[in-house]
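First comes the structure, then the notes that go with it.
The values are calculated or read from the model by the stated rules, or taken from the named source; none is laboratory data. The structure displayed is predicted, hence computed values, not measured ones. Positions of Cβ are generated from backbone atoms using ideal geometry, with glycine treated the same way; all protein chains shown enter the neighbour counts.
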Amino acid sequence: MTVPATVRLREKSVPMRDFLADCVSALSEGRTSRELTTFLTAGAAALAAEEDRWVQWGLETPDLPELHGAIAALARDWLWQQTIDDFFVMHKPPGLRLRLAPAPGQAEHVEALLRKRIRLWQDIGLVTRAVPSVYEPEAHLFGGPASMAWAHRLFTVDSLTWLDHHTRPSGCPPWALSMLMLRGVFDGLRIAGWEDRDVWAQVRETGRRHPEPVDTAVAAAGLRRWWNHPDELAATVPGPARRLAERHAEEVRPLLDGWWAHYFTADGARVGPREAACYYVVFHWNRGKLSFGRQVLIAESLAAGDD
(Lines give C-alpha, C1' and ligand atoms only; values in the text may rest on other atoms or scores of the structure.)
Protein backbone atom coordinates (compact mmCIF):
# COMPACT_ATOMS: atom_id res chain seq x y z
CA MET A 1 0.00 0.00 0.00
CA THR A 2 1.47 3.36 -1.09
CA VAL A 3 1.26 6.40 1.20
CA PRO A 4 0.02 9.46 -0.73
CA ALA A 5 2.59 12.22 -1.13
CA THR A 6 0.02 15.01 -0.81
CA VAL A 7 -3.31 15.64 0.87
CA ARG A 8 -6.11 17.77 -0.58
CA LEU A 9 -7.17 20.62 1.73
CA ARG A 10 -9.62 23.37 0.77
CA GLU A 11 -9.01 23.03 -2.96
CA LYS A 12 -5.22 22.92 -2.71
CA SER A 13 -2.66 20.15 -2.39
CA VAL A 14 -0.43 20.10 0.69
CA PRO A 15 2.62 17.83 1.04
CA MET A 16 1.76 14.96 3.35
CA ARG A 17 4.90 15.61 5.41
CA ASP A 18 3.82 19.24 6.07
CA PHE A 19 0.28 18.17 6.93
CA LEU A 20 1.46 15.56 9.42
CA ALA A 21 3.86 18.06 11.02
CA ASP A 22 0.97 20.49 11.44
CA CYS A 23 -1.12 17.69 13.02
CA VAL A 24 1.60 17.05 15.60
CA SER A 25 1.92 20.76 16.39
CA ALA A 26 -1.84 21.18 16.70
CA LEU A 27 -2.18 18.26 19.09
CA SER A 28 0.71 19.44 21.28
CA GLU A 29 -0.80 22.93 21.46
CA GLY A 30 -4.36 21.74 22.04
CA ARG A 31 -5.60 23.12 18.70
CA THR A 32 -8.01 21.30 16.43
CA SER A 33 -9.66 21.69 13.05
CA ARG A 34 -12.21 19.93 10.92
CA GLU A 35 -9.47 18.47 8.72
CA LEU A 36 -7.44 17.24 11.70
CA THR A 37 -10.45 15.67 13.38
CA THR A 38 -11.51 13.96 10.16
CA PHE A 39 -8.00 12.66 9.51
CA LEU A 40 -7.43 11.27 13.00
CA THR A 41 -10.94 9.77 13.30
CA ALA A 42 -10.66 8.05 9.94
CA GLY A 43 -7.14 6.86 10.74
CA ALA A 44 -8.21 5.33 14.03
CA ALA A 45 -11.12 3.61 12.32
CA ALA A 46 -8.78 2.30 9.62
CA LEU A 47 -6.47 0.79 12.23
CA ALA A 48 -9.43 -0.90 13.88
CA ALA A 49 -10.64 -2.17 10.51
CA GLU A 50 -7.15 -3.52 9.81
CA GLU A 51 -7.70 -6.13 12.53
CA ASP A 52 -11.14 -7.07 11.16
CA ARG A 53 -10.24 -7.52 7.51
CA TRP A 54 -8.76 -11.02 7.73
CA VAL A 55 -10.42 -14.06 6.18
CA GLN A 56 -9.80 -17.34 8.03
CA TRP A 57 -10.67 -20.93 7.21
CA GLY A 58 -9.76 -24.10 9.06
CA LEU A 59 -8.98 -26.96 6.69
CA GLU A 60 -8.84 -30.69 7.39
CA THR A 61 -6.88 -32.75 4.87
CA PRO A 62 -5.70 -36.34 4.35
CA ASP A 63 -2.61 -35.06 2.51
CA LEU A 64 -0.99 -32.16 4.35
CA PRO A 65 2.09 -31.85 2.07
CA GLU A 66 -0.11 -31.56 -1.02
CA LEU A 67 -2.31 -28.96 0.70
CA HIS A 68 0.83 -27.05 1.68
CA GLY A 69 1.80 -26.87 -1.99
CA ALA A 70 -1.68 -25.86 -3.13
CA ILE A 71 -1.82 -23.01 -0.58
CA ALA A 72 1.66 -21.79 -1.51
CA ALA A 73 0.64 -21.60 -5.18
CA LEU A 74 -2.61 -19.81 -4.34
CA ALA A 75 -0.92 -17.31 -2.02
CA ARG A 76 1.85 -16.44 -4.49
CA ASP A 77 -0.70 -15.91 -7.25
CA TRP A 78 -2.91 -13.63 -5.15
CA LEU A 79 0.04 -11.70 -3.72
CA TRP A 80 1.40 -11.12 -7.23
CA GLN A 81 -2.04 -9.95 -8.43
CA GLN A 82 -2.30 -7.71 -5.31
CA THR A 83 -5.57 -9.43 -4.41
CA ILE A 84 -4.20 -9.93 -0.89
CA ASP A 85 -1.64 -7.96 1.10
CA ASP A 86 -0.55 -10.72 3.48
CA PHE A 87 -1.34 -14.28 4.44
CA PHE A 88 -0.09 -16.96 6.78
CA VAL A 89 -0.83 -20.46 7.99
CA MET A 90 -0.89 -22.15 11.39
CA HIS A 91 -1.07 -25.85 12.19
CA LYS A 92 -4.14 -25.84 14.44
CA PRO A 93 -7.42 -27.79 14.51
CA PRO A 94 -8.97 -28.99 12.31
CA GLY A 95 -5.55 -29.33 10.64
CA LEU A 96 -4.37 -26.14 8.96
CA ARG A 97 -5.68 -22.61 9.46
CA LEU A 98 -5.35 -20.36 6.44
CA ARG A 99 -5.48 -16.61 7.12
CA LEU A 100 -5.64 -14.04 4.32
CA ALA A 101 -5.58 -10.22 4.48
CA PRO A 102 -7.45 -8.93 1.40
CA ALA A 103 -6.11 -5.82 -0.28
CA PRO A 104 -8.29 -2.71 0.25
CA GLY A 105 -11.62 -3.16 -1.48
CA GLN A 106 -10.98 -6.86 -2.17
CA ALA A 107 -12.56 -8.50 0.89
CA GLU A 108 -15.73 -9.81 -0.75
CA HIS A 109 -13.81 -10.84 -3.86
CA VAL A 110 -11.27 -12.79 -1.78
CA GLU A 111 -14.00 -14.44 0.24
CA ALA A 112 -15.78 -15.59 -2.92
CA LEU A 113 -12.56 -16.76 -4.60
CA LEU A 114 -11.48 -18.70 -1.53
CA ARG A 115 -14.84 -20.42 -1.13
CA LYS A 116 -14.64 -21.48 -4.77
CA ARG A 117 -11.08 -22.77 -4.34
CA ILE A 118 -11.99 -24.69 -1.18
CA ARG A 119 -14.92 -26.34 -2.99
CA LEU A 120 -12.48 -27.43 -5.69
CA TRP A 121 -10.14 -28.87 -3.07
CA GLN A 122 -13.08 -30.72 -1.53
CA ASP A 123 -14.17 -32.07 -4.92
CA ILE A 124 -10.73 -33.61 -5.51
CA GLY A 125 -10.49 -34.96 -1.96
CA LEU A 126 -7.68 -32.66 -0.84
CA VAL A 127 -9.85 -31.07 1.86
CA THR A 128 -12.32 -33.17 3.82
CA ARG A 129 -13.68 -30.43 6.09
CA ALA A 130 -13.61 -26.64 5.87
CA VAL A 131 -14.65 -24.35 8.71
CA PRO A 132 -14.86 -20.54 8.36
CA SER A 133 -14.03 -18.58 11.50
CA VAL A 134 -12.84 -15.21 12.77
CA TYR A 135 -9.16 -14.41 13.11
CA GLU A 136 -8.39 -12.20 16.10
CA PRO A 137 -4.78 -10.94 15.81
CA GLU A 138 -2.86 -11.32 19.05
CA ALA A 139 -1.49 -7.82 18.59
CA HIS A 140 -0.80 -7.35 22.31
CA LEU A 141 1.98 -9.94 22.06
CA PHE A 142 3.83 -7.78 19.55
CA GLY A 143 3.06 -4.33 20.96
CA GLY A 144 -0.20 -3.35 19.24
CA PRO A 145 -1.66 -3.07 15.72
CA ALA A 146 1.19 -0.96 14.29
CA SER A 147 3.77 -3.57 15.29
CA MET A 148 1.49 -6.47 14.36
CA ALA A 149 1.32 -5.17 10.78
CA TRP A 150 5.07 -5.73 10.45
CA ALA A 151 4.80 -9.14 12.10
CA HIS A 152 2.13 -10.12 9.56
CA ARG A 153 4.43 -9.14 6.68
CA LEU A 154 7.11 -11.37 8.15
CA PHE A 155 4.57 -14.15 8.69
CA THR A 156 3.88 -14.04 4.95
CA VAL A 157 7.53 -14.70 4.05
CA ASP A 158 7.87 -17.25 6.86
CA SER A 159 4.77 -19.14 5.69
CA LEU A 160 5.89 -19.32 2.06
CA THR A 161 9.29 -20.63 3.14
CA TRP A 162 7.81 -23.32 5.35
CA LEU A 163 5.16 -24.31 2.81
CA ASP A 164 7.86 -24.81 0.19
CA HIS A 165 9.91 -26.88 2.63
CA HIS A 166 6.99 -29.07 3.69
CA THR A 167 6.04 -29.65 0.06
CA ARG A 168 9.62 -30.62 -0.89
CA PRO A 169 11.49 -31.35 2.38
CA SER A 170 14.77 -32.45 0.67
CA GLY A 171 15.85 -34.40 3.75
CA CYS A 172 16.56 -31.32 5.86
CA PRO A 173 15.15 -31.57 9.42
CA PRO A 174 12.85 -28.64 10.23
CA TRP A 175 14.89 -27.62 13.29
CA ALA A 176 17.98 -27.01 11.12
CA LEU A 177 16.14 -24.83 8.61
CA SER A 178 14.45 -23.06 11.53
CA MET A 179 17.77 -22.12 13.13
CA LEU A 180 19.04 -20.68 9.85
CA MET A 181 15.85 -18.67 9.35
CA LEU A 182 15.72 -17.38 12.91
CA ARG A 183 19.38 -16.35 12.87
CA GLY A 184 18.51 -13.89 10.11
CA VAL A 185 15.48 -12.60 12.02
CA PHE A 186 17.47 -12.03 15.20
CA ASP A 187 20.22 -10.27 13.26
CA GLY A 188 17.67 -8.05 11.53
CA LEU A 189 16.18 -7.08 14.90
CA ARG A 190 19.65 -6.11 16.16
CA ILE A 191 19.55 -8.84 18.82
CA ALA A 192 23.19 -9.61 19.49
CA GLY A 193 25.53 -10.99 22.12
CA TRP A 194 23.88 -11.93 25.39
CA GLU A 195 20.57 -10.46 24.19
CA ASP A 196 19.64 -13.59 22.26
CA ARG A 197 19.92 -15.63 25.46
CA ASP A 198 17.23 -13.40 26.93
CA VAL A 199 14.96 -14.18 23.98
CA TRP A 200 15.46 -17.92 24.43
CA ALA A 201 14.83 -17.59 28.17
CA GLN A 202 11.52 -15.90 27.36
CA VAL A 203 10.68 -18.65 24.87
CA ARG A 204 11.45 -21.22 27.57
CA GLU A 205 9.03 -19.42 29.92
CA THR A 206 6.19 -19.98 27.45
CA GLY A 207 6.20 -23.57 28.73
CA ARG A 208 9.05 -24.96 26.67
CA ARG A 209 11.15 -26.56 29.39
CA HIS A 210 11.83 -30.10 30.59
CA PRO A 211 9.61 -30.99 33.56
CA GLU A 212 12.46 -33.01 35.06
CA PRO A 213 16.26 -32.85 34.70
CA VAL A 214 17.45 -34.45 31.44
CA ASP A 215 21.02 -34.97 30.29
CA THR A 216 21.16 -33.13 26.96
CA ALA A 217 24.69 -31.76 27.28
CA VAL A 218 26.02 -33.13 23.99
CA ALA A 219 23.00 -32.11 21.91
CA ALA A 220 22.84 -28.72 23.59
CA ALA A 221 26.50 -28.00 22.86
CA GLY A 222 25.95 -28.81 19.19
CA LEU A 223 22.89 -26.58 18.95
CA ARG A 224 24.73 -23.70 20.58
CA ARG A 225 27.66 -24.06 18.18
CA TRP A 226 25.39 -24.09 15.13
CA TRP A 227 23.42 -21.11 16.43
CA ASN A 228 26.61 -19.12 16.95
CA HIS A 229 28.15 -20.29 13.66
CA PRO A 230 25.27 -20.47 11.14
CA ASP A 231 27.64 -20.85 8.20
CA GLU A 232 28.76 -24.19 9.61
CA LEU A 233 25.15 -25.31 9.95
CA ALA A 234 24.31 -24.11 6.44
CA ALA A 235 27.16 -26.23 5.07
CA THR A 236 25.57 -29.37 6.53
CA VAL A 237 22.05 -29.00 5.10
CA PRO A 238 20.98 -30.07 1.59
CA GLY A 239 21.23 -27.46 -1.16
CA PRO A 240 17.46 -26.85 -1.57
CA ALA A 241 17.06 -26.08 2.14
CA ARG A 242 20.12 -23.82 2.10
CA ARG A 243 18.67 -21.89 -0.84
CA LEU A 244 15.34 -21.57 1.00
CA ALA A 245 17.15 -20.07 3.98
CA GLU A 246 19.08 -17.67 1.74
CA ARG A 247 15.90 -16.57 -0.04
CA HIS A 248 14.17 -16.10 3.31
CA ALA A 249 17.05 -13.96 4.62
CA GLU A 250 16.94 -11.75 1.55
CA GLU A 251 13.17 -11.24 1.73
CA VAL A 252 12.90 -10.54 5.46
CA ARG A 253 15.83 -8.11 5.62
CA PRO A 254 13.93 -5.00 4.40
CA LEU A 255 10.90 -5.94 6.51
CA LEU A 256 13.01 -6.22 9.65
CA ASP A 257 14.63 -2.87 8.85
CA GLY A 258 11.16 -1.38 8.54
CA TRP A 259 9.92 -2.93 11.77
CA TRP A 260 12.98 -1.58 13.58
CA ALA A 261 12.74 1.92 12.10
CA HIS A 262 8.99 2.42 12.20
CA TYR A 263 8.11 0.69 15.45
CA PHE A 264 10.93 -0.28 17.80
CA THR A 265 12.72 3.07 17.54
CA ALA A 266 9.55 5.17 17.28
CA ASP A 267 7.64 6.96 20.02
CA GLY A 268 4.90 4.82 21.53
CA ALA A 269 6.57 1.39 21.18
CA ARG A 270 5.20 -0.87 23.90
CA VAL A 271 7.46 -3.90 23.52
CA GLY A 272 11.08 -4.26 22.52
CA PRO A 273 12.55 -6.46 19.80
CA ARG A 274 13.50 -9.26 22.22
CA GLU A 275 9.96 -9.70 23.51
CA ALA A 276 8.55 -9.56 19.98
CA ALA A 277 11.15 -12.09 18.82
CA CYS A 278 10.06 -14.50 21.56
CA TYR A 279 6.51 -14.71 20.26
CA TYR A 280 7.69 -14.68 16.66
CA VAL A 281 9.66 -17.86 17.43
CA VAL A 282 6.55 -19.57 18.82
CA PHE A 283 4.49 -18.81 15.69
CA HIS A 284 7.43 -19.75 13.45
CA TRP A 285 7.92 -23.12 15.13
CA ASN A 286 4.24 -23.96 14.67
CA ARG A 287 4.51 -23.35 10.94
CA GLY A 288 7.70 -25.41 10.85
CA LYS A 289 5.99 -28.33 12.62
CA LEU A 290 8.87 -28.74 15.08
CA SER A 291 8.10 -31.34 17.72
CA PHE A 292 7.49 -29.99 21.20
CA GLY A 293 10.50 -31.91 22.48
CA ARG A 294 12.73 -30.28 19.89
CA GLN A 295 11.36 -26.84 20.83
CA VAL A 296 12.17 -27.49 24.48
CA LEU A 297 15.69 -28.67 23.66
CA ILE A 298 16.45 -25.61 21.51
CA ALA A 299 14.98 -23.12 23.99
CA GLU A 300 16.78 -24.56 26.99
CA SER A 301 20.07 -25.06 25.16
CA LEU A 302 20.25 -21.55 23.74
CA ALA A 303 18.99 -19.90 26.92
CA ALA A 304 21.85 -21.54 28.82
CA GLY A 305 24.53 -20.20 26.50
CA ASP A 306 28.11 -21.41 26.79
CA ASP A 307 28.55 -20.71 30.51
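Has the stretch 144-166 got any residue that is aliphatic (A, V, I, L, M) and under 28 Å from G305 (Cβ atoms)? Checked the stretch 144-166: at least one residue is aliphatic (A, V, I, L, M) and under 28 Å from G305 (Cβ atoms). Against the definition (touching a residue at least 40 places away in the same chain (Cβ under 8 Å), at negative phi and out of contact with any His (no Cβ under 8 Å at 6 or more places or on another chain)), how does L244 come out, yes or no? So L244 fails the test.
Checking each residue in the stretch 197-218 for being of a type outside the set (S, T, N, Q), surrounded by fewer than 14 Cβ atoms within 10 Å (Cβ to Cβ) and modelled with pLDDT of 80 or more picks out only E205.
Of the residues that sit in the stretch 73-93 and are surrounded by 15 or more Cβ atoms within 10 Å (Cβ to Cβ) and closer than 15 Å to A130 by Cβ, which one is nearest to the chain's Cα centre (by Cα)? Result: V89. Counting only strands (runs of 3 or more DSSP E) that sit completely within the stretch 81-172, those holding 3 or more residues that are hydrophobic (A, V, I, L, M, F, W, C) correspond to 84-90, 96-102. Consider the stretch 273-289 and keep the residues that are out of contact with any Asp or Glu (no Cβ under 9 Å at 6 or more places or on another chain) and buried (at least 19 other Cβ atoms within 10 Å of the Cβ). The one that is farthest from K92 (Cα to Cα) is A276.
Quickly run through the stretch 166-185 and pick out the residues that are within 16 Å of E250 (Cβ to Cβ) and touching a residue at least 60 places away in the same chain (Cβ under 8 Å).
Answer for the stretch 166-185, where residues must be within 16 Å of E250 (Cβ to Cβ) and touching a residue at least 60 places away in the same chain (Cβ under 8 Å): L177, L180, M181, L182, G184, V185.
The residue list V157, V127 contains one member that is closer than 23 Å to A70 by Cβ, of a type in the set (A, V, I, L, M), surrounded by 19 or more Cβ atoms within 10 Å (Cβ to Cβ) and assigned by TED's automatic domain parsing to the domain that holds W57, which is V127.
Quickly run through the stretch 173-197 and pick out the residues that are among the β-branched types (V, I, T) and part of a loop (DSSP other than H, G, I, E, B).
Listed by number, the list holds a single entry, I191.
Here E111 meets the list (1) acidic (D, E); (2) within 15 Å of the chain's Cα centre (by Cα); (3) surrounded by fewer than 17 Cβ atoms within 10 Å (Cβ to Cβ) almost entirely, failing just condition (2).
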